[in-house]
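Here's the structure, in structure tokens; my notes come after.
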Amino acid sequence: MVSGLAGCTILVADDERYISTIISLKLRQAGATVINAIDGLEAFELVCAHQPVLVIADSQMPEMGGLELAERMKSSPTTEHIPILMLISRGYCIEPTRMLKTNIRALLSKPFSARELLAKLAEVVIETGIAA
């Protein structure tokens, strides 16, 4: 379990319902409030409206993918500070130079286990100081 997420709002953007359901369940068990989006456009609107402490986004979604979402968030003064955990397909990579131009803090390859998700979330929480 990831400690310190109680009361935090986290946005999960993934067009695969079963993946967003699993992630949301784990986050709610940790005490977080979860907002879900099915594509990058909806995710950006919700990020602007709700200012979550963290975004978990799939790299490949309809309308706008996760990398474009990350770039758009980084270019907006109201969302540039929000860290992103990017979900990627096995074998897919994001160039380190592109990651540096965004606020992507970690990558997690699909398929992943609940244990891998929680470990990666814990890394991001510690690195960014999200939870006090």
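Points to keep in mind about this one:
- Screening the candidates 74, 101, 110 for the property of being of a type in the set (D, E, K, R), modelled with pLDDT of 95 or more and out of contact with any Cys (no Cβ under 7 Å at 6 or more places or on another chain) yields one hit, 74.
- Unique residue being farther than 17 Å from residue 105 by Cβ and modelled with pLDDT of 95 or more when the list is 57, 37, 30: 37
- Residue 94 touching a His at 6+ places or on another chain (Cβ under 7 Å) and either of a type outside the set (Gly, Ala, Ser) or more than 15 Å from residue 23 (Cβ to Cβ) (or both): no
- Top-ranked residue of the range 61-91 - restricted to ones that are out of contact with any strand residue (DSSP E or B) (no Cβ under 7 Å at 6 or more places or on another chain) and within 20 Å of residue 17 (Cα to Cα), ranked as surrounded by the most Cβ atoms within 10 Å (Cβ to Cβ): 67
- Residue 82 vs. criteria aliphatic (A, V, I, L, M) and modelled with pLDDT under 95: no
- The set of residues in the range 109-132 being within 20 Å of residue 9 (Cα to Cα) and of a type in the set (A, V, I, L, M, F, W, C) consists of 114, 117, 118, 119, 121, 122, 124, 125, 126, 130, 131, 132.
- Hits in the range 1-29 (condition: in contact with a Ser or Thr (Cβ under 9 Å, 6 or more places away or on another chain) and crowded, with 21+ Cβ neighbours inside 10 Å): 10, 12, 13, 14, 27
The values are calculated or read from the model by the stated rules, or taken from the named source; none is laboratory data. Keep in mind that this is a model prediction, so the values were computed, not measured. Neighbour counts run over all protein chains shown; Cβ positions are idealised from the backbone, glycine included.
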